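This report concerns only the one structure given below.
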Amino acid sequence: MIRFYSTLAALMLPALLWAVGLADNPSDANIIGHVVDATTGEHLSHYNIVLKGTRTFTVTDASGHYALRHLSPGEYTVEASSVGFITKTRNVTLAAGHTLEVNFEVEPDAFMLDQVVVTGSKSELKRRNSPVLVSVVNDRVFGLVNACSLADGLSFQPGVRVENNCQNCGFTQVRINGLDGHYSQILMNSRPVFSALTGVYGLEQIPANIIDRVEVMRGGGSALFGASAIGGTVNIITRDPADNYAEVSHTLTSIGISGALDNNTALNASVVGMNNKIGLTVYGQNRHRDGYDHNGDGFTEVAKLKSQTLGLRAFARTTDDSRLTLEYHGTHEYRRGGDDLDLPAHQALIAEEVEHDINGGEASFDLWNRERTGHLNVFAALQNTRRKSYYGSGRDPNAYGRTHDLVVTSGAQYTHSFSRLLFMPSELIGGIEYYHNYLKDITVGYGHRIVQRVNIYSAYLQNEWRNDRWGFLIGARLDKHSMVRRPIVSPRANIRFNPTENINLRLSYSTGFRSPQAYDEDFHVAIVGGERVVTVLAPGLRQESSNSLSASADLYRRFGRVQCNLTLEGFYTDLRHVFALRKLATPDAAGNTVLERYNGGGATVAGANIEAKVSFGSPLWIQAGFTWQRSRYKQPEQWSENPEVPAVRRMFRTPDTYGYLTFNWDFARHWSLALSGTYTGSMLVQHMEGSGTPIDRAVTTRSFFDAGAKINYELKVFHTACLDFSAGITNIFNSYQNDFDHGENRDSGYIYGPSLPRSLQLAVKLHI
């Protein structure tokens, strides 16, 4: 890892020095000013100041003032924006040797209508003008629940649910609009670097402190992002260096109030040059979580975890019309579940032990024409994962394995804005992409070996005609997948109508697909049960495909300082050629059980999301969302090898109702109270034969409400630093599963409900 850092620094340094040289402009044409809250009169620090149509920007300092120096003479539009405030602009004319003062009074915007998102169209666009409904999870939500990782804060959006699927390893997945996690596409800065392997633990491997925001787009998204974007797309946007700051925090969680501890330390720091022509941000996290045994049988319900993450992101504006961005992230993670955690894995009755070394990064270059009507982006990204593993039971010495997983993706995208194309202004987007995934998985003791190579060549084209009232989008993507015989075409169409500034109506049609593969991220469950399995693809296997429809209304109303938002969304997804597994009668040459992946029947998912937000100015904020849905196979599916077990139509682990609630109240100077909760309705869960049941059963669970509370105190230190102290409790009512299996013959996949029992949490944060 150190060698990688040195190499990366050596590559970055010339580019940054070049940018510094290019940035020297002796025009002495400057823009200065301040930003104040129109409601309180308070000067606002860390406020974004941008020259629209350029890549020149800065942020206000601790006193709320800013300066843009040595600009080229000419006409500019100065834009002031920040999360939670309405964007303001001023038009100015700047001459050489002159300094203009441009001040802003800004009003709160609780619902971030002017926030820029990229997931809806692969182009920067204000959320209110996005062709599809895009939900945003920002650091306010992650801070409200003291989130350590992405998994801790992602559930606080309508239609989104995060769950733990394994007692041994803590396999976490995100479900969107009633579909399994396999149908969700996870992106890092819009790049598909998560493979079938890294997606298993990826939600916990991404520290919350590196995240600027998470954009969630529900419904089919393969027209934009390719395979697996059926249920929805989760796009993780990492922090960009914007100002000079440093932040360090530590969070201590007592799991089950039992002495099992989760310690998490996080660090962020950023430095930028004059006018933000160069910048660098670094981040790190160190986490240690003890294994937790809830029912006292000696086997974990929460896996032991040790992880360290280091990363950096840097940019250089080589000219006023170009920008180079480089990013690196590295993670070392060890997790262990089962019994006898302090012994070697093969001396335990059950052990899932994995050790990951993950190194990834991205290089991106952006170029704009002088008129700002054209934008070219060229990128390359990769993620390399090496894993040591043990998946075994009964003190099996042969269950050690090694896995190498490499994802490489690259491409180019060109965006052109037309002042008028046929009948309206429009934006045309076209791009090409290449995706490569190499996976080698070996368990020597069992003769288990999988080598999988996936190559995908893609091209996409879309055009959106839009103004402030109307938006009409048509587009399509073509993917040539190496494991699918024919090219896959994924079209999309969207209509947006804003009858007023505060009413956004959308109608969307989208398609999606999920490609076949031999590697299955759920193998570990079967392996730990004592059965060694391999998967083969049935002759003529087709990709899963989907057609999705959605309609939404986004309504906003202001009553003085009180702001209200109501979002209504209906969705319908039709799945065809759903993947299914069947056991073949003949094992392979090594004696392993062979499962064949084939195309089963279809399924439909239909439902509605509702979300309400109320802001009473800065002191009080309430947000709640609720989902009703039905996920059903078109024909009953046989899920057990026992022919006496009835087939089911209802999809497993998909509650018909679920929702969330967040509440934040600044009840006194420097004091705040936060409440949060997630509701999970009754659902159908597989309970496989073992210590808990003599025969495979489909169990209908009870409903759960996982509530949390946190109180926070902010202490100012001098004028430049702030200390935050917080104390909280999660799962206040201890709404936790009470029927776990016991002992070595347990079904570790029989887990549902909240991921943790009632737990106490203390945190401290220093930011400068």
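Assorted remarks:
- Geometric extent, Cα atoms of region 207-248 - Rg, Dmax (angstrom): 14.2, 40
- Taking only the C-alpha atoms of region 318-392, the Rg (one decimal) and the largest Cα-Cα distance, Dmax (whole number), read 21.9, 68 Å.
- Distance between region 564-624 and region 400-427 - C-alpha centres, whole angstrom: 25 Å
- Helix-derived mean residue ellipticity, 222 nm - over the chain, DSSP H n ≥ 4, -39500 (n - 2.57), to 500: -1500 deg cm²/dmol
- Calculated SAXS-style log₁₀ I(q)/I(0) at q = 0.15, 0.16, 0.35 Å⁻¹ - region 381-421, Debye, Cα scatterers: -0.61, -0.65, -1.11
- When each of the peptides 686-699, 228-241 is scored by how many other beta carbons lie within 10 Å of its residues on average, the order from highest to lowest is 228-241, 686-699.
- With 24 Å as the limit, the listed pairs Lys306/Lys388; Lys388/Lys480; Lys388/Lys765; Lys122/Lys765 have Lys388/Lys480; Lys388/Lys765; Lys122/Lys765 beyond it between alpha carbons.
- Positive minus negative residues near Ala698 (Lys, Arg vs Asp, Glu; Cβ under 12 Å): +2
- Antiparallel %, DSSP beta bridges [both residues in region 116-767], to 5: 95 percent
- Relative intensity of region 25-106 on a log10 scale, I(q)/I(0) at q = 0.21, 0.23 Å⁻¹, equals -0.90, -1.06, per a Debye sum over C-alpha point scatterers of equal strength in the absence of solvent.
- Across the chain, the relative contact order, built from alpha-carbon pairs under 8 Å that are at least six residues apart, equals 10 percent.
- Magnitude of the charge dipole for region 25-106, about its Cα centre and with charges confined to Cβ atoms of Lys, Arg (+1) and Asp, Glu (-1), is about 260 debye.
- A simple packing score, the average count of other Cβ atoms within 10 Å per residue, orders the peptides 567-574, 348-355 as 348-355, 567-574, with the highest score first.
- Cα convex hull of region 116-767, projected area averaged across orientations, nm²: 28.1 nm²
- Taken about its Cα centre, the chain carries a charge dipole of roughly 1700 debye when the Cβ of each Lys and Arg holds +1 and the Cβ of each Asp and Glu holds -1.
- Extension gain from Leu376 to Thr40, taking 0.36 nm per residue of separation minus the Cα-Cα distance: 116.8 nm
- Put the Cα centre of region 288-335 next to the Cα centre of region 229-258 and the gap is 9 Å.
- Ordering of 189-198, 39-48, 647-656, 620-629 by packing is 189-198, 620-629, 647-656, 39-48, highest average first (other Cβ atoms within 10 Å, averaged per residue).
- Potential lengthening between His98 and Arg69 on full extension [0.36 nm per residue; Cα-Cα distance subtracted]: 9.4 nm
No value in this document is a laboratory result; all are computed from the given coordinates. Bear in mind the structure is a predicted one, so any value in this text is a computation, not a measurement. Note that we place each Cβ from the backbone using ideal geometry, even for glycine, and neighbour counts take in every protein chain shown.
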